[in-house]
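Inspection log for the structure reproduced underneath, given as structure tokens.
What follows draws every value from the coordinates through simple rules; no lab data is involved. Just so you know, these numbers come straight off a predicted model, no measurement behind them. FYI the Cβ positions are ideal-geometry reconstructions off the backbone, even for glycines, and counts take in every protein chain you see.
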Amino acid sequence: MSRKLLIAGNWKMNGLVAEGTNLAKGVAEAVKKAGKVECEFLVCPPFTLLSNVKKALRGAKVNLGAQDCHFAEKGAHTGDISPVMLKDIGCQYVILGHSERRTDHYESNELVNKKAQAAHTAGLKTVICVGETLSEREAGKALEVCTKQIIESVPEDSTSSNTVIAYEPVWAIGTGKVPTTKDVEEVHAAIRKTLAKKLGKGNANKMRILYGGSVKPNNAKELLSLEDVDGALIGGASLKVEDFMGIAKNSGAF
Ligand code: 13P
């Protein structure tokens, strides 16, 4: 089954206007320079940079995504941004259920599910994140935790066209620690099996499952060549053009 690799940058809460716009310009130039590539690119800057980044990416094959959204279309939700607003500003994607939101904002699987449905209705593609904590991994519960998150966070209307899954072990995020390839393979295979039960084999086989957590140019080849790994969700290394592009290059995309 050939699934197009997705190389996605999650900038998190980083970048003032000048810095973020320059980063986007750098990515756009590097992608244009790379020419024909065997992957899809995505950058997800903070809300405040979406407009500028959109302009900076003009003419380059790089998708734009946000890092969260509300489930409502509009209304009395101070501080929130709706999926319709994201679509309107030119986003194609939105990341949902990142572990930092699950922790900092107490987001539940049910809420992530509701947001994903709303995002799909607005015409956005979702990157739905799951992953176990260190104590869950040490207790031998990684598969159980990720499976439950998939069952409850992924909405029934998810298809391989509107949904991407990201497996991000919480303990691997920003730590430089990476699970063994065997552990990554095991979780990705379990996620695909769960997706098959939930959404049917056709969707599950075509749906991309990204790995995220300390992905760098020097481990990209090993991680991204695994059977069920269809790309990367990159935090820290997406803030440097060479590292972001180095990950794509080392994955064999060009
Ligand atoms: P790092 O690549 O910095 O570990 O972050 C991963 C992540 O959380 C991407 O969403």
Answer from LEU210, LEU143, LEU226, LEU233 - the residue that is part of a helix (DSSP H, G or I) and touching a residue at least 40 places away in the same chain (Cβ under 8 Å): LEU143
Of residues in the range 89-109 being more than 12 Å from the chain's Cα centre (by Cα) and assigned to a helix (DSSP H, G or I), the one farthest from the ligand (Cβ to nearest atom): ILE89
Residue that is farthest from the ligand (Cβ to nearest atom), among those in the range 171-196 that are of a type in the set (D, E, K, R) and either more than 19 Å from the chain's Cα centre (by Cα) or part of a helix (DSSP H, G or I) (or both): LYS193
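Would you say VAL112 is in contact (Cβ under 8 Å) with a residue 60 or more places away in the chain, within 16 Å of the ligand (Cβ to nearest atom) and within 22 Å of ASN10 (Cα to Cα)? Break it down stepwise before answering.
Values: in contact (Cβ under 8 Å) with a residue 60 or more places away in the chain: no; within 16 Å of the ligand (Cβ to nearest atom): yes; within 22 Å of ASN10 (Cα to Cα): yes.
No, not satisfied.
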Test: residue in the range 36-59 that is within 27 Å of ILE173 (Cα to Cα), β-branched (Val, Ile, Thr) and in contact with a strand residue (DSSP E or B) (Cβ under 6 Å, 6 or more places away or on another chain): yes
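Is it true that LEU86 is more than 14 Å from the ligand (Cβ to nearest atom) and under 19 Å from LYS148 (Cβ atoms)?
Working: more than 14 Å from the ligand (Cβ to nearest atom): yes; under 19 Å from LYS148 (Cβ atoms): no.
No, not satisfied.
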Any hit, the range 41-53, residues being surrounded by fewer than 22 Cβ atoms within 10 Å (Cβ to Cβ), outside any helix (DSSP H, G or I), in contact (Cβ under 8 Å) with a residue 40 or more places away in the chain and among the β-branched types (Val, Ile, Thr): no
Check on GLU136, in contact with a Leu (Cβ under 9 Å, 6 or more places away or on another chain) and farther than 15 Å from PRO83 by Cβ: no
Single condition ALA72 does not satisfy, out of (1) part of a loop (DSSP other than H, G, I, E, B); (2) free of Cβ contacts under 8 Å to residues at least 40 places away in the same chain; (3) not basic (Lys, Arg): (2)
